[in-house]
Amino acid sequence: MTITFLDPHGKAIETKAKPGDNLLRVGQAAGLPLEGTCEGQMACSTCHVIVAAEWFDRLPHASEEEEDMLDFAAGARRTSRLSCQIELTAELDGLTVSVPKESNDLRRM
Ligand code: FES
């Protein structure tokens, strides 16, 4: 399956993934600036991505904890999600998400 990330400059980066992969890990493996400081514990929001509108409703809903963390995410929008909470399934082949401009990956500074 193919997952497309738009980097903070709007450049499309296509990645290959398989069902069961975690969206944060796929993005990191592709070199996107997704810090993921808390390793999926929903305590940081540095793995924040904005899901393309046409895909948003096809994802399983965010938990209340995730919604709460998203309130703190820089540049959050209506279709924001924490990528660490998204496990890929075959139905998500073609998913497109953007890494917000505000994302600041400390590993690259
Ligand atoms: Fe921290 Fe996703 S990695 S909330």
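Considering only residues of the stretch 5-32 that are more than 13 Å from the ligand (Cβ to nearest atom) and touching a helix residue (DSSP H, G or I) at 6+ places or on another chain (Cβ under 6 Å), which is nearest to residue 77 (Cα to Cα)? My answer is 5.
Would you confirm whether or not the stretch 41-59 contains a residue that is part of a helix (DSSP H, G or I) and surrounded by 20 or more Cβ atoms within 10 Å (Cβ to Cβ)? No, that holds for no residue.
Do you know which residues across the stretch 42-53 are without any contact (Cβ under 8 Å) to a residue 40 or more places away in the chain and more than 6 Å from the ligand (Cβ to nearest atom)? 53 - this is the single residue of the stretch 42-53 that is without any contact (Cβ under 8 Å) to a residue 40 or more places away in the chain and more than 6 Å from the ligand (Cβ to nearest atom). In the stretch 61-109, the residue that is modelled with the lowest pLDDT out of those that are open to solvent by 10 Å² or more (accessible area, probe 1.4 Å), more than 11 Å from the ligand (Cβ to nearest atom) and hydrophobic (A, V, I, L, M, F, W, C) is 109.
Just so you know, in the stretch 13-40 the residues that are closer than 11 Å to residue 3 by Cα, under 10 Å from the mean Cα position of the chain (by Cα) and not β-branched (Val, Ile, Thr) include one that is surrounded by the most Cβ atoms within 10 Å (Cβ to Cβ), and it is 23. Looking only at residues in the stretch 69-101 that are touching a helix residue (DSSP H, G or I) at 6+ places or on another chain (Cβ under 6 Å) and not in a loop (DSSP other than H, G, I, E, B), the one that is farthest from residue 37 (Cα to Cα) is 80.
When residue 19 is tested against (1) part of a loop (DSSP other than H, G, I, E, B); (2) within 17 Å of residue 102 (Cβ to Cβ), just one condition goes unmet, and that condition is (2).
The values are calculated or read from the model by the stated rules, or taken from the named source; none is laboratory data. All values reported here derive from a predicted model rather than from experimental measurement. We place every Cβ from the backbone using ideal geometry, glycine too, and count neighbours over all the protein chains shown. Heavy atoms of the whole protein, side chains included, go into the accessibility calculation; ligands, DNA and RNA do not. Shrake-Rupley method; radii C 1.70, N 1.55, O 1.52, S 1.80 Å.
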